[in-house]
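As structure tokens, the structure follows; a few thoughts come after it.
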Amino acid sequence: MFLAAAGAAGAAGTVTADDTARFLAGMAPSADSPLTALTKDPAWQRHARFFDAAFAQLEQRQLSKIRSWADTNLAAPRPTMFYMFSGPDFLYADAFYSKATTYVLSALEPVGSVPDLTKLPRGGIGSTLYNVERSLGSVLSFSFFITKLMKIDLHAGQVSGTLPILYVFLARSGKTIREVNLIALDDKGAAHFADENAGPNATRGVRILFAGSDGQERTLYYFSTDLSNSGVRNSGFLKFCGTLAPGNSLLKSASYLLHSGNFTTVRDFLLANSATIIQDDSGIPLGGYDLRKWRFFPFGRYAGPIAEFAGRYQPQYAELFRRSQRMDFGIGYRWRSHESNLLLAVKLPSDDSGRVAAVPSAESPRPAAPRRPRRPRPPEFIPPRGFLWFSR
């Protein structure tokens, strides 16, 4: 019921989704919003200062540099972008593919809910905002969510799931939310809204219509779904995505799941339906690409996987990155800029698809099967200084 009310244009006294997003993001809601009175709460004012500082630092350290990189290296972006294993990470989807008009995010985490914040029990605002801060701790520090912590944080309190995080990221990215609807996909990939019956194997999600500074309406989908082979075979999720293809894809901090034989269906979908793929080494293994169909542009340094994924070292990746271009931002599990790697894979034009363009920054070598180099020793995983939620 909240979503239906919040998605409508704000009549006097109505708490809109956009005002709710701004409030959770530590930004002032509209002057006539019922939430404006709650901004006098010291807990909200502390929260606003905290997020102002954290997002300003993130903008300077990463997001502005990612947008600059994308402007230089992506010459012909598609309207749709796919971000599998994303969690609620709209922040980086928007930074890499700011010109997309449809964003499709997907992961196991539930959609959750955001109630009318004016009706929280006395003292509930402070704990709610604190849970939001905790949920965002790792992504603001490292650029990725720590899954086992997110499972706890996204189930805490009345504000739960991915929806409040999507709200915060949309608001902090300068977007205006116009409408929010729960959505379900049947096993054929058809979308159902409101009380429509999507069948026993329905894939649950949310659709958010929003606009940026240019006023153009865009669509963000988030689906809570199992992306393993058995999971996608029993759902209509990839069929739905196929109606929006071809698109561009982002894979970041994906737990090397696409290296596994249990995720070949979604891997094959991305390879068949992506014009470009931006990924770190946790995405599609280099051996999964058909070298006759793709051209590679490596950036940064491949230092091997962190200790938690030590068995996923790729000699071909190491060879490819011997001629990589410099990258001035960190991304993925190796979040320090001097250790991060990013691969731009561009599908070559074929008879049955439009031309895909990229601005090459270096000639990409053909990956070979070199002698296995000495495996680097993963460094200790240490949080960066300056983000206090890890010491709370």
**Study point:** Extended-chain gain in nm, criterion 0.36 nm per residue less alpha-carbon gap, ASP268 and ALA211
**Key:** 17.3 nm
Point to revise | ARG233-SER98 FRET efficiency (beta carbon distance; Förster radius 45 Å; 0.05 resolution) | key: 0.85
Point to revise | Set of lysines near LYS119 by C-alpha distance (under 24 Å), chain-local residues within fewer than 8 positions excluded | key: LYS40
Practice item. May I ask you to evaluate 6.51 cos²θ - 1.76 cosθ + 1.60, the Karplus curve with θ = phi - 60°, for each residue of segment 176-189 and list the ³J(HN,Hα) values in order in whole Hz, giving x for glycine and proline? Key: 10, 7, 9, 7, 9, 9, 5, 9, 9, 9, 7, 6, 9, x
Study note, to complete from the structure: Rg/Rh of segment 1-124 (Cα atoms, Kirkwood Rh), to two decimals, equals 1.02
Review point. Can you give the alpha-carbon Rg of segment 302-355 over 2.2 N^0.38 Å, where N counts its residues?
Key: 1.43
**Study point:** Rounded D (µm²/s) - segment 45-112, Kirkwood Rh over Cα pairs, Stokes-Einstein at 37 °C, 0.692 mPa s
**Key:** 242
Point to revise | Nearby aspartates and glutamates by direct alpha-carbon distance to LYS65 (threshold 15 angstrom, same-chain neighbours under 8 apart not counted) | key: ASP94, ASP328
Revision key, fill the gap. Interchain or sequence-distant (5+) residues whose placed amide H lies within less than 5 Å of the amide H of LEU251 are ILE278, GLN279, ASP280
Point to revise | Residues with amide H under 5 Å from that of LEU74, placed H, sequence gap 5 or more | key: VAL359
Practice item. Order the peptides 270-280, 288-298, 239-249 from the highest to the lowest mean number of other Cβ atoms within 10 Å of their residues. Key: 270-280, 239-249, 288-298
Study note, to complete from the structure: Diffing segment 263-273: the Karplus 3J(HN,Hα) column from phi (6.51, -1.76, 1.60, θ = phi - 60°), in whole Hz with x for Gly and Pro, holds 10, 6, 5, 5, 4, 5, 4, 5, 5, 7, 10
Practice item. With r as the distance between the Cβ atoms of GLN60 and LYS40 and R0 = 30 Å, compute the FRET efficiency 1/(1 + (r/R0)^6) and round to 0.05. Key: 0.50
Point to revise | log₁₀ of I(q)/I(0) at q = 0.18 Å⁻¹ - segment 268-317, Debye sum with one point per alpha carbon | key: -0.64
Practice item. Would you mind calculating the gained length between ALA75 and THR243 on full extension (0.36 nm times residue separation, minus the Cα-Cα distance), in nm to one decimal? Key: 58.1 nm
Revision key, fill the gap. With a 22 Å threshold on alpha-carbon distance, the violating pairs from LYS99/LYS175; LYS188/LYS293; LYS99/LYS347 are LYS188/LYS293
Exercise for review: Using θ = phi - 60° and the Karplus relation 6.51 cos²θ - 1.76 cosθ + 1.60, list the HN-Hα couplings for segment 58-72 in order, rounded to whole Hz, with x at every Gly or Pro.
Suggested key: 5, 4, 5, 6, 10, 4, 5, 6, 5, 4, 5, 4, 5, 4, 7
Exercise for review: Calculate the spin-label point distance for SER30 paired with ARG336, positioning each point 7 Å from the Cα along the beta-carbon direction, and give it in nanometres.
Suggested key: 4.8
Exercise for review: Take every Cα-Cα pair in segment 98-139 and report what % of them are more than 15 Å apart.
Suggested key: 64
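FYI, it's all coordinate maths here, none of it is from the lab. Quick caveat: nothing in here was measured; it's all calculated off a predicted structure. We place every Cβ from the backbone using ideal geometry, glycine too, and count neighbours over all the protein chains shown.
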